[in-house]
Amino acid sequence: MLFKDQLGDTIELSQPPKRIISLVPSQTELLIYLGLIDKLVGITKFCVHPTALRAQKTVVGGTKQVNLEKIKALTPDLIIANKEENTQQMVEDLKTICPVWVSDVNTLEDNYSLINQLGDLCDVKKKATLLVGRTREKQQLFVEKIKEVPLASAVYLIWNEPIMGAGSPSFIDALLQLNKFNNLLSIEESRYPQVELVALEKAQHILLSSEPFPFTEKHLHSFGEKSNATLSLVDGEYFSWYGSRLLKAFDYFEELQRNLGRIN
């Protein structure tokens with residue numbers, strides 16, 4: 001059977017995979033939601049949901065560097081990677097072990113395509129279709145609830161010292177747009193640019209993410225001295241994890257919009 005990944009590359013499988021390694025936390029969570037936990041043999045150290053998973057599965061490394069010998073020993077028949085999270089060299093090295101399917105998710109439609117494609121790839125098409133349908137319904141309900149919310153300028157920060165934020169194209173940017181935030185960093189050349197003071201000064205909202213840098217309450221004061229924007233600590237997993245996480249994300253976004261006083 002031939003399958004195309006989200007980069008347009010073709011992989012061949014003789015049967016549905018029975019030994020899968022996932023190198024992206026959100027995709028690991030998605031595979032488990034689709035009922036594939038028993039077929040999952042290897043994960044990264046960042047695959048933290050569910051919390052007991054790392055004690056049950058073999059940790060093969062991180063998202064940028066893996067132990068190839070450990071992966072070979074697991075005898076996988078499929079490795080699932082991501083263009084942004086994993087390096088091209090890593091993917092090329094892994095292809096010498098078994099087929100590697102690579103995702104590329106920058107928009108909500110990319111996300112739905114990912115779910116459907118993994119459903120086909122892993123022989124769980126019905127579960128994938130149901131997940132896409134439920135998530136689209138949640139998305140539409142959220143869009144309806146904020147339809148009267150005016151567009152507001154925002155900066156979404158992912159790192160401190162140097163200060164870095166989410167630009168475009170990125171999945172974070174897509175979710176900012178969905179939330180009626182005009183991302184001031186979307187015009188930058190980098191997907192994750194360093195943030196200049198002028199952007200902080202122009203922003204109506206500054207969103208401090210919980211990951212990859214763990215912004216906390218203490219950072220609200222320091223950024224408050226740089227800007228008159230409304231400052232908010234936000235859950236980075238809801239803004240950057242695609243897949244099954246979106247089922248809960250829209251409820252989180254509604255709560256965030258309510259806390260910001262943008263909806264009742």
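Every read-out reported here was derived from the displayed coordinates using simple, explicitly stated rules and does not represent laboratory data. Model, not experiment: these values are computed from the prediction. FYI the Cβ positions are ideal-geometry reconstructions off the backbone, even for glycines, and counts take in every protein chain you see.
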Taking a point 7 angstrom from the Cα of Asp110 along the C-beta vector, which residues in the stretch 1-30 have backbone N less than 11 Å away?
6-7
Out of residues 5 or more away from Asn182 or on other chains, whose amide H comes under 5 Å of its own, with H placed 1.01 Å from N in the peptide plane?
Ala152, Ser153, Ala154
So if I take the centroid of the Cα atoms in the stretch 101-158 and the same for the stretch 53-91, what is the distance between those two points in Å?
25 Å
Could you name the aspartates and glutamates in cross-link range of Lys39, using Cα to Cα under 14 Å and dropping any fewer than eight places away on the same chain?
Glu29, Asp77, Asp123
For the stretch 130-172, fraction of C-alpha pairs farther apart than 18 Å, in %
56 percent
10 Å binning of all Cα-Cα separations within the stretch 2-124, expressed as whole percents from 0 upward:
13, 51, 33, 2
Over the chain, with a single point scatterer placed on each C-alpha, what log10 of the ratio I(q)/I(0) does the Debye formula yield at q = 0.08, 0.09, 0.13 1/Å?
-0.34, -0.43, -0.87
For the chain, what does the helix formula give at 222 nm: sum of -39500 (n - 2.57) over DSSP H segments with n ≥ 4, over the residue count, nearest 500 deg cm²/dmol?
-11000 deg cm²/dmol
Globularity index of the stretch 149-259, i.e. its alpha-carbon radius of gyration over 2.2 N^0.38 Å
0.97
